[in-house]
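Report on the following structure.
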Amino acid sequence: MVREQVAEFSVEYVQALDEEGNADDAELPDVDDEQLLEMYRLMRLSRRVDERAVALQRRGELGTYAPGIGQEAAQVGSAIALEPEGWMVPSFREGAAFLTRGTPIHRLLWYSMGMEEGAEVSGSNFPPSIPVGSQALHASGVGWAQEITGADEAALAYFGDGATSEGDVYEAMNVAGVLDAHAVFLCQNNQWAISVPRSGQSRAETLAQKAVAAGIEGVQVDGNDVLGVLSVTRDALESAREGDPVLIEALTYRRSMHTTSDDPRVYRTDEEEAEWEALDPIERFETYLRDEDLLDDERFEAIGDEIEELIADEIDRAKEGQTRVVPAEMFDYVFAEAPPELVRQKEVFESQQSTDGEGPTSKSATSEEASDDGE
Ligand SMILES: Cc1ncc(C[n+]2csc(CCOP(=O)(O)OP(=O)(O)O)c2C)c(N)n1
Ligand SMILES: [Mg+2]
């Protein structure tokens, strides 16, 4: 009889900035001062956009919105690592990543206002993907194409902890491994999938180890440490460009609601929220920047003022541009030629709308009286 160990694995955890904002020089990525400040600005901008968007939804000016509050480091750090030519393949909570990739705020708002224009492919960014985990397969496809054409680029897929329980994500990693796809899979483990906690998602000690079955590398990073995320994602993209896909598990926390249709108070405790509040990614980075003499009170204020002004302008622009909302458009644009079943569903939907007396709506820009400053 033979009995021997035939495989073993371990998972590394990376952190460049600790919980108090102290840097580990060995793990610091190569970034200049200007880039550091830009990352900080993007993190604050994303948070304010989320706060304002939730306030707009509460006043009926926006549809469902999924804020990424608490996940700014995981998104900004990784999106900075992705070169502009690299493909971003997001899920539905990637506002900060979109902003980092240069998507204007009004376009993000249009998506939640029901304007198809908000879902257009822009630059090398895929539109948000609502079916959980499905976009991981799209990233494998893009990454495979890059391998075939010999492109020196890679695709970066975003998904959550909950998505790692979906077959799509396993399939995506597996096929990426087999085909040498230029793909990085970034799991933002924000501890919750709506009301299902991480412990209810998988018995696996880490989500990064889910890479092992696909034969690809898996690594864990402190997802509230923007510099650690940047460093790990850069390395992963470099490896992916060589045909070696990587799964990154970024440990973070969804500090706000799942979406504006959710109330987390019914399934989680104040103590847990307070614990993670103390680990906030923006404050940690701010401490680091102040210690490095890159940030003082004056600059802090100036960045905040500039952000408020930009968001106010962009909200106006979103409202002015929201000239029409055509719900039946949800049946368009996925297929070049709609399959018969979809054509049938669209007809039923449109006939129901006309009997309800609710045809395609036309909404003109409204001026706003109430305050929507999100406070
Ligand atoms: C295939 C599929 N199943 C269920 C849903 C409903 N749903 C939307 S988000 C979500 C939880 C996702 O959790 P996670 O992957 O951790 O991402 P997070 O929302 O935390 O960013 C579920 C179940 C969906 N959109 N798609
Ligand atoms: Mg989650």
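The values are calculated or read from the model by the stated rules, or taken from the named source; none is laboratory data. All figures in this text were calculated on a predicted structure; none of them were measured in a lab. We place every Cβ from the backbone using ideal geometry, glycine too, and count neighbours over all the protein chains shown.
Tabulated data for the structure shown
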{"quantity": "Residue list for the stretch 16-28, filter: surrounded by fewer than 20 Cβ atoms within 10 Å (Cβ to Cβ), touching a residue at least 60 places away in the same chain (Cβ under 8 Å) and not acidic (Asp, Glu)", "calculated": "GLY21, ASN22, ALA23, LEU28"}
{"quantity": "Residues located in the stretch 56-86, provided they are assigned to a helix (DSSP H, G or I), hydrophobic (A, V, I, L, M, F, W, C) and more than 16 Å from ligand 2 (Cβ to nearest atom)", "calculated": "LEU56, VAL76, ALA79, ILE80, ALA81"}
{"quantity": "Considering residues of the stretch 206-241 that are touching a residue at least 60 places away in the same chain (Cβ under 8 Å) and of a type in the set (D, E, K, R) only, the residue farthest from ASN189 (Cα to Cα)", "calculated": "ARG241"}
{"quantity": "Any hit, the stretch 216-225, residues being more than 20 Å from the chain's Cα centre (by Cα) and within 28 Å of VAL178 (Cβ to Cβ)", "calculated": "yes"}
{"quantity": "Filter pass, MET39 being farther than 12 Å from LEU227 by Cα and crowded, with 17+ Cβ neighbours inside 10 Å", "calculated": "no"}
{"quantity": "Restricting the stretch 234-259 to residues that are buried (at least 24 other Cβ atoms within 10 Å of the Cβ) and part of a loop (DSSP other than H, G, I, E, B), the residue that is farthest from ligand 1 (Cβ to nearest atom)", "calculated": "PRO245"}
{"quantity": "Condition met for ILE148 (under 24 Å from ALA312 (Cα atoms), away from ligand 1 (no atom under 16 Å from the Cβ) and at pLDDT 95 or above)", "calculated": "no"}
{"quantity": "Residue count for the stretch 150-178, restricted to those that are within 16 Å of ligand 2 (Cβ to nearest atom), within 23 Å of VAL121 (Cβ to Cβ) and part of a helix (DSSP H, G or I)", "calculated": "3"}
{"quantity": "Selection count where residues are part of a helix (DSSP H, G or I) and either free of Cβ contacts under 8 Å to residues at least 60 places away in the same chain or closer than 24 Å to ALA66 by Cα (or both), scope the stretch 260-298", "calculated": "19"}
{"quantity": "Condition broken by CYS187, with the remaining ones in (1) among the hydrophobic types (A, V, I, L, M, F, W, C); (2) within 16 Å of the chain's Cα centre (by Cα); (3) surrounded by fewer than 24 Cβ atoms within 10 Å (Cβ to Cβ) satisfied", "calculated": "(3)"}
{"quantity": "Selection count, the stretch 92-115, where residues are in contact (Cβ under 8 Å) with a residue 40 or more places away in the chain, within 16 Å of ligand 1 (Cβ to nearest atom) and buried (at least 24 other Cβ atoms within 10 Å of the Cβ)", "calculated": "5"}
{"quantity": "Residue in the stretch 179-188 that is among the β-branched types (Val, Ile, Thr), more than 16 Å from ligand 2 (Cβ to nearest atom) and in contact with a strand residue (DSSP E or B) (Cβ under 7 Å, 6 or more places away or on another chain) present", "calculated": "yes"}
{"quantity": "Matching residues in the stretch 190-217 - criterion: being surrounded by fewer than 24 Cβ atoms within 10 Å (Cβ to Cβ), small (Gly, Ala, Ser) and within 16 Å of ligand 2 (Cβ to nearest atom)", "calculated": "ALA193, SER195, SER199, GLY200, SER202, ALA204"}
{"quantity": "Residue in the stretch 118-135 that is surrounded by the most Cβ atoms within 10 Å (Cβ to Cβ), counting only those that are of a type in the set (Gly, Ala, Ser), part of a loop (DSSP other than H, G, I, E, B) and away from ligand 2 (no atom under 15 Å from the Cβ)", "calculated": "SER124"}
{"quantity": "Answer from TYR13, TYR40 - the residue that is assigned to a strand (DSSP E or B) and at pLDDT 95 or above", "calculated": "TYR13"}
{"quantity": "Total residues in the stretch 152-168, condition under 21 Å from VAL229 (Cα atoms) and either within 16 Å of ligand 1 (Cβ to nearest atom) or surrounded by 24 or more Cβ atoms within 10 Å (Cβ to Cβ) (or both)", "calculated": "11"}
{"quantity": "GLU147 being of a type in the set (Asp, Glu) and either within 12 Å of ligand 2 (Cβ to nearest atom) or part of a helix (DSSP H, G or I) (or both)", "calculated": "yes"}
{"quantity": "ALA208 away from ligand 1 (no atom under 11 Å from the Cβ) and more than 19 Å from the chain's Cα centre (by Cα)", "calculated": "no"}
{"quantity": "Number of positions in the stretch 180-203 that are without any contact (Cβ under 8 Å) to a residue 24 or more places away in the chain and not small (Gly, Ala, Ser)", "calculated": "1"}
{"quantity": "Contacts under 9 angstrom Cβ, first residue in the stretch 314-335 being in a helix (DSSP H, G or I), partner at pLDDT below 85 and of a type in the set (A, V, I, L, M), 6 or more apart", "calculated": "ASP316/ALA365; LYS319/ALA365; GLU320/ALA365; GLY321/ALA365"}
